[in-house]
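Report on one structure; see the data block that follows.
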Amino acid sequence: MSFEWPWQYNFPPFFTLQPNVDTRQKQLAAWCSLVLSFCRQSKLFTLDVLEAQESAVFNNNRIHRKLSVEAIQVVFEELRKKGNLEWLDKNKSRCLIMWRRPEEWGKLIHQWVSKNGMVNLVFTLYELSNGDDTEKEGIKYFMFPCYIALYQQNGNASLQNYNFTVKATVR
């Protein structure tokens, strides 16, 4: 299935941050939506800022336009404010893209656990991430501790470490 680009993607001014505040807000919302949709379909979870500039999402070869690194950082900061991005380093050069916010992933995990009769059972994160429908949802093993920890704060889950194996209980 090929990615369906929004109309703005073929509009050259889309690749230049607009000075008007209202226009820029709409532009950033469109960029955020595009990045999240593209990453979701491509199953991308991490991005490097410098490499991102050369990727199809920020570089439209058809119209010979690409978003500047500075503008990409503005888009990424907007995604961070919305809860869809976490920086992986202090230099803000690599990030974790979450097409769903951690709260949404937590609810999906809880629904999956409930549907599969695993409520109040102890299971490994590996078992959870390799369940029948978790792969199609795009839930990745390395992201589970973040989501379970969030649920833990609400008293809906617990997380224990056992000799390099992380086990979770979802209530």
Quick one: how many residues across the range 58-108 are open to solvent by less than 80 Å² (accessible area, probe 1.4 Å), closer than 23 Å to LYS43 by Cβ and either modelled with pLDDT of 95 or more or assigned to a helix (DSSP H, G or I) (or both)?
14
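Looking at this structure, is LEU47 within 18 Å of the chain's Cα centre (by Cα) and either under 18 Å from GLU78 (Cβ atoms) or part of a strand (DSSP E or B) (or both)? Break it down stepwise before answering.
On the way: within 18 Å of the chain's Cα centre (by Cα): yes; either under 18 Å from GLU78 (Cβ atoms) or part of a strand (DSSP E or B) (or both): yes.
Answer is yes for this residue.
The values are calculated or read from the model by the stated rules, or taken from the named source; none is laboratory data. Note that the structure is a prediction, hence the values are computed from the model and not measured. Cβ atoms come from the backbone with ideal geometry, glycine included; neighbour counts cover every protein chain shown. We work out accessible area using only protein heavy atoms, side chains counted, and drop any ligands, DNA or RNA first. Shrake-Rupley method; radii C 1.70, N 1.55, O 1.52, S 1.80 Å.
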